[in-house]
Amino acid sequence: MFYVKGKIDEIEASLEYTWKDGIGSVDGDDIALFMFKTALERERLVGKGIHHLARNINQPLSAFYMMQECFTELIEIKGDIPKVEALPEGVIG
């Protein structure tokens, strides 16, 4: 579904997210998978701006935000990147 490549300190690593039938999974380099597991276990919400989500590997946008947290520097993002839903008209953002 989508792929994120970056650096963890000076080590280049990547993660790939797939989603099928409501179940998400992440595969990648060992160090990046360790960082993703750590990101998944945090208790604070994940997201940017006014869109904050619970940390959930089965929610592609949440997983995308967590994957970005794993890296100190992003190198490449590709694939079917989840989009933030627009706020309904009249909602204050």
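The values are calculated or read from the model by the stated rules, or taken from the named source; none is laboratory data. Small disclaimer: the values here were computed from a predicted structure and weren't measured. A quick note on method: Cβ atoms are made from the backbone with ideal geometry, for glycine too, and the neighbour counts reach across all protein chains shown.
Is it the case that some residue within the stretch 15-37 is of a type in the set (A, V, I, L, M), exposed (fewer than 15 other Cβ atoms within 10 Å of the Cβ), over 15 Å from the mean Cα position of the chain (by Cα) and not in a helix (DSSP H, G or I)? The answer is no; no qualifying residue exists. Filtering the stretch 49-87 to residues that are more than 12 Å from the chain's Cα centre (by Cα), among the aliphatic types (A, V, I, L, M) and either in a loop (DSSP other than H, G, I, E, B) or over 13 Å from LYS5 (Cβ atoms) (or both) leaves ILE50, VAL84, ALA86, LEU87.
Comparison of GLY6, GLY47, GLY24 shows that the only residue that is in contact (Cβ under 8 Å) with a residue 40 or more places away in the chain, in contact with a strand residue (DSSP E or B) (Cβ under 8 Å, 6 or more places away or on another chain) and of a type outside the set (A, V, I, L, M, F, W, C) is GLY6.
For beta carbons closer than 6 Å, sequence separation of 6+ or different chains, a first residue in the stretch 71-93 that is closer than 24 Å to MET35 by Cα and a second that is surrounded by 10 or more Cβ atoms within 10 Å (Cβ to Cβ) and modelled with pLDDT under 90, the qualifying pairs are VAL84/HIS51.
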